[in-house]
Every structure is written in structure tokens, then in C-alpha cells.
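J.: Attaching a single structure in C-alpha cells format; questions to follow.
The values are calculated or read from the model by the stated rules, or taken from the named source; none is laboratory data. Keep in mind it's a predicted model, so treat the numbers as computed, not measured. Every residue, glycine among them, receives a Cβ derived from its backbone with ideal geometry; neighbour counts consider all protein chains shown. Quick note on the areas: whole protein, heavy atoms, side chains included, nothing else; ligands and nucleic acids left out. Shrake-Rupley method; radii C 1.70, N 1.55, O 1.52, S 1.80 Å.
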Amino acid sequence: MMVPLTPAQQRLVDWLANYLRRFQCSPVVREMIVGLDYTSPDPVQSLVAILVRKGVLVQVGQISRTIRFTEAWRHENGERYGLTVPNFRLPILGTISAHRLVEIFPDAPIEWLELPGRKPKGSDAWYVLQVRGDSMIGALIDHNDLIIIRPEPNARTLKAGTIVAARERTRTTLKYFYRQGDQVTLQPANAAYPPTIVPADEVEIQGVYVGLVRKLWEDSYR
């Protein structure tokens, strides 16, 4: 049975459904403020709280990117909005530089990327990182893209030219991987940036690039 909504509540539902259909991940409150033409977070947070009580939305505490429709709402309304019931989701664990080695922050709050379709076999340990920089633009990986990473327990099985998330001490980067003897070359896909050459025993391959979800700028959320 459809829950009666006020015009303001329906407007938020329509905007959120359109956002989820386009980006396949939940928005942050800042994006909702921009997209709904508000000037502060208060009306957004109030509407979300009401829609949670009505059984339309669910949110995990105050964790970012966890605002989404309930399964009951999706089953009743998803087809009308062009939404499929998500079969699996992946954690967004932080950012990764596509142009230099940068410090990583493993204790950052976890966000989630919801994906439609069947859960890929062996994807329990997959995770998502947001790209910073444009040094992998030649591989069609751009600034702000969300990339899916598959952990790789044995770096010696990697083929030359595999795109990897590579960690050196507490720093990490996204690059093409090449190994020659006791050295590893982390090669960008942009001629404006030089390769990074480091001793092989100082490099940990955190994972292999699987694919991406493209994020657009906030101005396009309207």
C-alpha cells in the first residue's frame, strides 16, 4: 500500500530515485541540498527523518551515503521509477590518487555503493575507492570516478600492464603494474606524469582494478 506523501516529501523521493538510477550509489546530504535547491541541511534531514518513519527510506546512523529506499518501497515502486532491487553493495573505503603516491586513511568512515544485478562470484572482499587526479585518463579512469577493486593475494601472478592499487609503506596509488627483477614500475596512463619506480619488496598490491562507476559534478545533480 502506497504511503501518502506531502509535495515536499514526494519531491525528495523523485529526486533520490533519479539520483540512484543515474549513479547507482546513495547521495550525501550536501548533494541533496544542491539538487533540491535548499540552502541548509535542516530541511533535507527533516524530510529524510520523516520518510524513514514512514518506511520509505532507511539510513544507517549518520554514516555518509547510506540513505536509500527500503526493500518494501522498492518492490512496490521500483519499476515505476526504473529502479531494480539491489542485489549487493560494496564498501567505499576511501580515496586513491591517480597521479602520485598519497597518504591513506584506513580508519575513515565506511560508505556504501549499491549495485544492481547478481552478486559476482568471489566478490565478498571487493571494495570501492574514489579516484583523485587524472593520470589514468588514458585508461578512461577520471578524477572523481568510483573504482571497484578486487584484492589480489599473489602479486607474482599479475600480468604486465594490469591496473592495480599499489601501496608503498602508508602511501597508495592507482597505476599500470610492471615488474622487472627487483623493481616495480607504476606507470600512469597520461604522458604528463612520470612513472614511479620503487623496490619490489616495498610495494604491496592492495588489489586489481575491476571497473568503475562515473560520478558527475554537483552542478549536474539538479
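J.: Which value, in debye to the nearest 20, gives the size of the charge dipole of the chain about its Cα centre, when Lys and Arg are +1 and Asp and Glu are -1 at the Cβ?
T.: 500
J.: Right, something else. With every protein chain left in place, what is the accessible area per residue of the chain in square angstrom, probe 1.4 Å?
T.: 53
J.: Taking amide H atoms as placed 1.01 Å from N in the peptide plane, list the residues 5 or more away in sequence, or in a different chain, whose amide H sits under 5 Å from that of K175.
T.: So K175 has HN proximity to V164, A166.
J.: Pull up all non-local amide H partners of N144: gap of 5 or more, or a different chain, and H-to-H distance under 5 Å with H placed in the peptide plane.
T.: For N144, whose amide H was placed from the backbone, the distant partners under 5 Å are V131, R132, G133.
J.: In addition: Would you mind computing, in nm to one decimal, how far apart the modelled labels at V52 and R169 are, each placed 7 Å from Cα along Cα→Cβ?
T.: Distance between the two pseudo-spin positions: 4.1 nm.
J.: Work from the charge dipole of the chain (Cβ charges, +1 for Lys and Arg, -1 for Asp and Glu, about the Cα centre) and give the residue of M136, N18, A155 farthest towards its positive end.
T.: It is N18, whose Cα lies furthest towards the positive end.
J.: Follow-up question, since we're still on this one. Return the sequence-ordered ³J(HN,Hα) values of region 168-184 in whole Hz as given by the Karplus equation 6.51 cos²θ - 1.76 cosθ + 1.60 applied to θ = phi - 60°, using x for Gly and Pro.
T.: Per residue, the Karplus-derived 3J(HN,Hα) values read 10, 6, 9, 10, 9, 8, 10, 7, 5, 10, 9, 10, 9, x, 9, 10, 10 Hz.
J.: What percentage of the solvent-accessible surface of the chain, computed with a 1.4 Å probe over protein heavy atoms, is contributed by carbon and sulfur atoms?
T.: Reported share for carbon and sulfur atoms: 54 percent.
J.: Quick one, can you get me the convex hull of the C-alpha atoms of the chain expressed as volume per residue in Å³?
T.: 132
J.: Amide H neighbours of Y127 under 5 Å, at least 5 residues apart or on other chains, H built in the peptide plane: list them.
T.: I149
J.: Quote the relative contact order of the chain in percent (integer), defining contacts as alpha-carbon pairs under 8 Å separated by 6+ residues.
T.: 18
J.: Set the Förster radius R0 to 45 Å, insert the Cβ-Cβ distance between Q180 and F88 as r into 1/(1 + (r/R0)^6), and round the FRET efficiency to 0.05.
T.: 0.75
J.: What distance in nm separates the two pseudo spin-label positions at H143 and R214, each 7 Å out from Cα along the beta-carbon direction?
T.: Here the answer is 1.6 nm between the modelled labels.
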